Every structure is written in C-alpha cells, then in structure tokens.
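The values are calculated or read from the model by the stated rules, or taken from the named source; none is laboratory data. The structure presented is a predicted model; accordingly, all values stated were derived computationally and were not measured. Positions of Cβ are backbone-derived with ideal geometry, glycine not excepted, and every protein chain shown enters the neighbour counts.
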Amino acid sequence: MLKEAVQKGAFVKHCPCSPGSVPCGYFNLNLQSGCPFDCSYCILQAYLDDKDQGVFYTNWADLEAELRGFLAANRDVRIGTGELSDSLAFENVRPSARRLLELFRDFPGTVFEFKTKAVTVQSLLDVEDPPENIVVSWSLNPAPIIRGEERLTPSLDQRLQALAAIQAKGYAVGIHFDPLVLFSGWQEHYRELIRSLSRVVRPGRVAWWSLGALRFPRELKKHIFRRRGSQLFWGELIEGQDKKYRYFMPQRLELFAFIKDEIRAGISRHLPLYLCMEGTDTWKEILPGLPADEGAINGYLHAAALAAGKKPG
C-alpha cells in the first residue's frame, strides 16, 4: 500500500549515532518511509506503525530549497536516502531515482548514495552519463542469512548481478556488511561471500565498505522472537550503555578482525573500510590507521567516493 504526504519536518538530518559511538559524518535525506522487505532485524518494525506501507513526500520544492541551503553551508557532504526506507525497493511502482540523480548532478562536490537490497536499477542504467558523485550501495549478507532473516529480498546472486551492472555502467559502488551476524559456520559463509564479491567488485570503483555488527533496541526483541528459526540469538548478546543489544565485545572484535582480514587478503588492502556504531576503542583496535574522529572519517570517505566515481582519462 502506497500513499502520499507532505513532509512537515526537515528533509535533511544527521545520521543518528548511539551514545559512545564514533559518528562518520553521514546525513540522511528522508523522502519516503516504509519498506516492502521483511528483514528480522529491521528497526522500522519498532519505529513505524505500519512498516509495509510506503509513504512518499510530495513537496519536492521544499526539499530542493532546504537542500540548496544546507549544501551552501556545508562542505564534503555525504548523504543518502536509506534510513526510513530502502532507496530502490519501490522504484518499479514509484520511481524517483532518476529525479534524485539529476538533482545531485547540480552538486558535484556532494556524494549522494542510493542504499538498497533491491535490484530495480534499470532507471539508473538508462542514464547516458552517470554523475561521478553518485554511489549505489548494496547491503549484503551470506545466502543463509538472506534466506532466513531477509525475507522478500532479492537473492545474493541477484544483488551481485545488479551491482556488476551498475559498476559496469560507470557508477561508484558501495558495500554494507551491516548487520554482520554470528551464526553457525559464520566464518566460512562470510569467507565465501567475500570470494563471490572478489569476482565482481573492481576495487577502484568502491566508494566505501561499512562493517556493522548486529545491534537492536529492546523494543525490537519481541518482533525477532516471533520468527521461528531466527539465528539472531546464536551469538552472546548483552545490553549496552546505549540500551541496544550487541554481541559481547570479544566476539565483536573477533568478527570485525576476521572480516577485515578476509577483505584485505581476498580483494584489496586499500579498500575504504569503516565501522558503523562502534566506540573509539574498537576503531583503534580494528582500523588503527584511520582516526576515530567524525571529520577525519567523513573526509576520508568523501574523497574515496569521488575518486571511485571518477571517469577514466
């Protein structure tokens, strides 16, 4: 079910970060809410009254005016539409990707991201000359997690095919391993996922690659418990100071270190990795070469994205 509404609040918002976590300087552009996918860990189940209902804001003139004012006052902005909805999940029934792309063509110093699990990318493939500041990113997990925890989403193979097509068209691509999930045989399954990516991804086209361990607020727990067979409670989860359930710190460090090492050994040592919703100590342990500072992280990822989108020659 789809409906239209007027956005009465701000369109542009700083990406929310848990207390004690290091922010990365990202901004959200809230043009719609709701999602047709059925992911067990999705926070929208607790945040929205009807997650499956797509709500689309129609006051684009207000959006453009707010965006122009915001970008005039801020530099090195990274912004995307994947907070309250998947960026492309409704593209076949309510297309907006092409309009957004053309809007951000006017702001070449701003990096705009479509963040998705969907494969509805034809409107982006039909663009004759993709802007260098557009990133199309996929959230990925091993096939058993996709089948069991990310219901109604495209398969891993379908997502990789869409990523390959977007990359071949000339776009910068992003990868999000978020949430990383501990489950039986997780090392081999994530190793195989990274092997699959190594056959598709061109390292020079990767704008960024996030690593975020499973985390969820207590109000989401009841939604997960309703799902028989969910593997989300396989690891040792504790409630942190931000009132979110997370893996016990030694497990998180093992998880991050394993994934980082597999990516660097199997694809490239120079990919722009970053952590999502982790504190300073974790950053220093896992990514010691990148200061755990919002400005430094944002500057690094902004530069990496523009370099990845740059046309040859």
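Pairs linking a residue in the stretch 164-187 that is over 15 Å from LEU253 (Cα atoms) and of a type in the set (S, T, N, Q) to a residue that is surrounded by 18 or more Cβ atoms within 10 Å (Cβ to Cβ) and at pLDDT 95 or above, with Cβ atoms under 6 Å and 6 or more positions apart or on different chains, are GLN167/VAL173; GLN167/ARG205. Report yes if ARG226 is within 22 Å of the chain's Cα centre (by Cα) and among the basic types (Lys, Arg), otherwise no. No; evaluated as a whole, the condition is false for this residue. When each of SER33, SER87 is tested for being crowded, with 16+ Cβ neighbours inside 10 Å, under 30 Å from LYS244 (Cβ atoms), among the polar types (S, T, N, Q) and modelled with pLDDT of 95 or more, the lone residue that passes is SER87. What do you reckon, is PHE56 aromatic (Phe, Trp, Tyr), touching a residue at least 24 places away in the same chain (Cβ under 8 Å) and in a loop (DSSP other than H, G, I, E, B)? Here the answer is no, as PHE56 does not meet what is asked.
Filtered by the rule that a residue be under 22 Å from ALA307 (Cα atoms) and surrounded by fewer than 19 Cβ atoms within 10 Å (Cβ to Cβ), the stretch 105-124 gives ARG105, ASP106, PHE107, PRO108, GLY109. Could you please find all residues in the stretch 241-281 being surrounded by 13 or more Cβ atoms within 10 Å (Cβ to Cβ), in contact (Cβ under 8 Å) with a residue 60 or more places away in the chain and under 17 Å from GLY20 (Cα atoms)? ASP242, LYS244, TYR247, TYR274, LEU275, CYS276, MET277, GLU278, GLY279, THR280, listed by residue number.
Here is the figure for the stretch 87-144: residues that are polar (S, T, N, Q), within 19 Å of the chain's Cα centre (by Cα) and either in a loop (DSSP other than H, G, I, E, B) or under 22 Å from ARG68 (Cβ atoms) (or both) total 6. In the set GLU132, GLU149, only one residue is among the acidic types (Asp, Glu) and either more than 26 Å from SER21 (Cα to Cα) or at pLDDT below 95 (or both); that residue is GLU132.
Taken together, GLY185, GLY229, GLY174 contain a single residue that is crowded, with 17+ Cβ neighbours inside 10 Å and of a type in the set (Gly, Ala, Ser), which is GLY174. Only one entry of LYS311, LYS284 meets the criterion of being part of a helix (DSSP H, G or I) and either more than 22 Å from the chain's Cα centre (by Cα) or among the aromatic types (Phe, Trp, Tyr) (or both), and that entry is LYS284.
Listed here are the residues, each with its yes/no results for (1) without any contact (Cβ under 8 Å) to a residue 24 or more places away in the chain; (2) more than 17 Å from ALA162 (Cβ to Cβ); (3) surrounded by fewer than 21 Cβ atoms within 10 Å (Cβ to Cβ).
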residue	(1), (2), (3)
ASP52	no, yes, yes
ASP62	no, yes, yes
ALA73	yes, yes, yes
ASP126	no, no, yes
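Checking the stated criteria, GLU66 turns out to be touching a Phe, Trp or Tyr at 6+ places or on another chain (Cβ under 6 Å), surrounded by fewer than 17 Cβ atoms within 10 Å (Cβ to Cβ) and at pLDDT 95 or above.
Please specify each residue of the stretch 287-302 satisfying the condition of being touching a residue at least 60 places away in the same chain (Cβ under 8 Å) and in a helix (DSSP H, G or I). Correct list: GLU294, GLY295, ILE297, ASN298, GLY299, LEU301, HIS302. Every condition in (1) under 20 Å from LEU182 (Cα atoms); (2) out of contact with any helix residue (DSSP H, G or I) (no Cβ under 7 Å at 6 or more places or on another chain); (3) surrounded by 15 or more Cβ atoms within 10 Å (Cβ to Cβ) is met by PRO291 except one, and the failing one is (1).
Can you pull out every residue in the stretch 41-73 that is among the small types (Gly, Ala, Ser) and more than 26 Å from LYS117 (Cα to Cα)? ALA61, ALA65, GLY69, ALA72, ALA73 - these are the residues of the stretch 41-73 that are among the small types (Gly, Ala, Ser) and more than 26 Å from LYS117 (Cα to Cα). For the stretch 125-179, filtered to residues that are hydrophobic (A, V, I, L, M, F, W, C) and touching a Pro at 6+ places or on another chain (Cβ under 8 Å), the residue that is farthest from LEU273 (Cα to Cα) is LEU152. Of the residues making up the stretch 166-188, at least one is of a type in the set (Asp, Glu), touching a Gly at 6+ places or on another chain (Cβ under 9 Å) and under 30 Å from LEU124 (Cα atoms).
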